[in-house]
1. Once you have the Cα-Cα distance between Ala91 and Thr401, take 0.36 nm times their residue separation minus that, and quote the gain in nm to one decimal.
2. Would you kindly calculate the translational diffusion coefficient of the range 380-507, applying Stokes-Einstein with the Kirkwood radius from alpha carbon pairs, for 4 °C and a viscosity of 1.567 mPa s, and quote it in µm² s⁻¹ without decimals?
3. What does the charge count near Ser399 come to, summing +1 for each Lys or Arg and -1 for each Asp or Glu among other residues with Cβ under 15 Å from its Cβ?
4. Once you place label points 7 Å from the Cα toward the Cβ at Tyr162 and Leu367, how far apart are they in nm?
5. Kindly state, to the nearest 0.05, the FRET efficiency for Tyr325 paired with Ala170, given R0 = 45 Å and r defined as their beta-carbon distance.
6. Using 23 Å as the Cα-Cα cut-off, could you pick out the over-long pairs in Lys99/Lys250; Lys250/Lys454; Lys244/Lys502; Lys99/Lys521?
7. Roughly how compact is the range 80-225, stated as its Cα Rg over 2.2 N^0.38 Å to two decimals?
8. Using the 10 angstrom Cβ neighbour count as an exposure proxy, how do Lys202, Lys244, Lys521 rank, fewest first?
Amino acid sequence: MNMKIKNTLRPIMFFAYMSMHKTIIIFGMINAFILLWILYQHGVNNNNLNVILQKNNHQQHSVEFLLFNESTDLHVYIVEEHHEVIPYWFAAAKSFRNKKAVLLHIDAHSDMDYPDIVDGFPIGHFPQSNMEMETLMQANDEFIQSAILANLIQSVYIVYPYWTFNASYAYTSSLGITLVNNTQQICMCLDINNKDDDENCKTRKQDNNLNDFILSSNQCPKLWRYHYAELNSFTASNILRYSKYWSLTKLLNITNMKYAFNSSSITYFQYQNKQSIYHLPLILDIDEDFFGVHLVTRSLLKSGLHIDFIQSLNLIISSIFCPLYHVNELEIDQIYRWLIEQAYLNVNYANYPVSVIMSSYKINMMLKHINRNFQITDIFCPNYTLNLQRLNELFINASITYNQLNVLARVGVCYTSSLITYQYMPEIHLCLGHNMPNASLVEEFVPTSEDLLKLAVQFSQVLLSLPYRPNIISIARSSRDGYTPRWLQYDIETMILNILKKVFNLTEDNIIYTKHLAGDKHQGWYRRFTWITENE
């Protein structure tokens with residue numbers, strides 16, 4: 001490493017260490033507080049803890065200790081983009097005894113957009129093949145309606161964080177199929193007052209996917225009826241417990257159980273002999289962006305890079321990398337980081353006047369280095385050498401600083417979507433996600449430590465309002481697609497898992513990290529390699 005660069009790193013590394021240490025302390029305090037709070041909610045005191053630790057097989061466990069003592073085969077599936085949960089939901093549904101499930105969806109967004117009716121879409125039945133399964137995974141905000149159409153889900157509860165939604169609504173809803181310009185489309189009706197003449201029916205505009213247009217009720221047949229509730233995190237747990245019409249206890253039709261109430265009036269249960277076969281299946285689905293949303297491009301703009309530079313670099317990157325098959329995006333990201341480092345060094349540390357056009361000799365040397373050190377083939381586009389020259393020219397004209405180089409490396413390059421997205425053709429771009437500042441309806445919220453603590457408590461309250469364990473839990477990182485703040489993602493996930501483990505008596509053996517996670521399997525995209533700072 002050039003000595004000037006090495007010396008530049010020293011003060012950055014010191015302050016980064018201090019900042020990272022502060023983050024670790026904050027999340028440690030939050031996790032400790034939540035643990036103590038959950039123990040308090042369960043009515044656990046020192047004497048009770050001693051009872052729990054006693055190995056007496058004849059002891060009758062009290063109901064409030066059920067979550068801490070009963071083993072479980074419940075699994076938590078961690079995915080990258082939210083529509084990747086579909087195969088795991090349907091795999092779990094094999095044990096649902098032909099009952100439709102209730103979905104509790106904890107997210108900063110509804111994810112209730114309309115899927116397209118494509119060839120092979122399993123309308124009205126579970127997918128019978130891999131092709132049918134793939135049609136249900138069209139986008140990260142369309143998978144819930146897909147699951148309803150495939151007869152998996154009968155009720156949807158969405159819990160929004162307080163920072164994006166401050167009301168609560170409940171409807172009897174239905175999906176149907178309508179015809180728009182001779183094309184079949186999914187339509188939705190919301191029966192707000194349980195009267196047909198009060199229904200609000202709509203479908204997606206064909207020329208503008210962000211907007212709907214209104215239909216009459218007779219244009220949208222009610223083929224799939226379901227309960228639909230939108231709750232905010234402040235009041236969600238009370239509604240889920242006590243609502244006359246919308247409590248989970250009422251909706252799930254819980255029978256043949258013994259109930260008990262602890263000092264906080266939180267309902268738990270204990271079966272007489274074994275788990276009841278009468279209750280409805282329950283899917284608990286969590287998006288990590290419940291705890292915050294940050295548009296990745298903000299980090300580049302904050303470093304002083306201009307939006308025109310970002311867009312130009314993105315175009316050049318997509319013209320350099322054209323993988324013919326599903327290459328690990330981390331390998332391409334590593335090559336990208338090496339290329340921009342070479343472009344930066346060529347501009348700033350050459351021993352001769354910099355040429356706007358990188359020499360053919362230097363390009364050939366770069367390619368030999370890639371072939372020798374990365375051992376990866378079939379990833380470059382036609383005319384990629386010309387675009388390597390364009391990359392060098394872009395760095396010269398923009399006068400990239402070392403800090404900006406670090407930010408570009410930290411953002412990295414990745415696939416534009418999950419590789420298992422329906423009919424996805426692999427594309428490599430800057431890893432910016434799906435939303436750009438001033439060109440997106442997505443609300444941003446970068447949480448403080450106080451916000452994280454408040455959200456963690458409300459999240460825990462929602463979990464403690466469940467009358468029994470879910471049949472399956474899924475977690476979406478929402479990092480590659482640009483929602484969850486990346487420098488917080490690992491800590492947010494750790495916090496979520498710690499709460500789930502405590503509430504549902506889980507261990508690491510219950511956690512399943514799925515195949516298509518971006519970056520490091522356990523630590524995510526931001527921590528895919530060692531950084532000297534943890535803030536965007």
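1. On the way: separation 310, 0.36 × 310 = 111.60 nm, distance 4.97 nm.
Result for the pair: 106.6 nm of gain on full extension.
2. Details: Rh = 18.5 Å.
Estimated diffusion coefficient is 70 µm²/s.
3. Numbers: positive: none; negative: Asp308, Glu393.
Within the 15 Å Cβ shell, the charges total -2.
4. 5.9
5. Working: r = 47 Å, r/R0 = 1.05.
Efficiency, rounded to the nearest 0.05: 0.45.
6. Values: Lys99/Lys250 16 Å; Lys250/Lys454 28 Å; Lys244/Lys502 29 Å; Lys99/Lys521 34 Å.
Cα-Cα > 23 Å for Lys250/Lys454; Lys244/Lys502; Lys99/Lys521; rest within.
7. Expressed relative to 2.2 N^0.38 Å, the Cα Rg reads 1.04.
8. On the way: Lys202 18, Lys244 6, Lys521 12.
Arranged by neighbour count, lowest to highest, Lys202, Lys244, Lys521 become Lys244, Lys521, Lys202.
Values in this text are rule-based calculations from the coordinates and carry no lab data. None of these values were measured; they are calculated from a predicted model. Here Cβ is always computed from backbone atoms with ideal geometry, including for glycine, and neighbour counts include all displayed protein chains.
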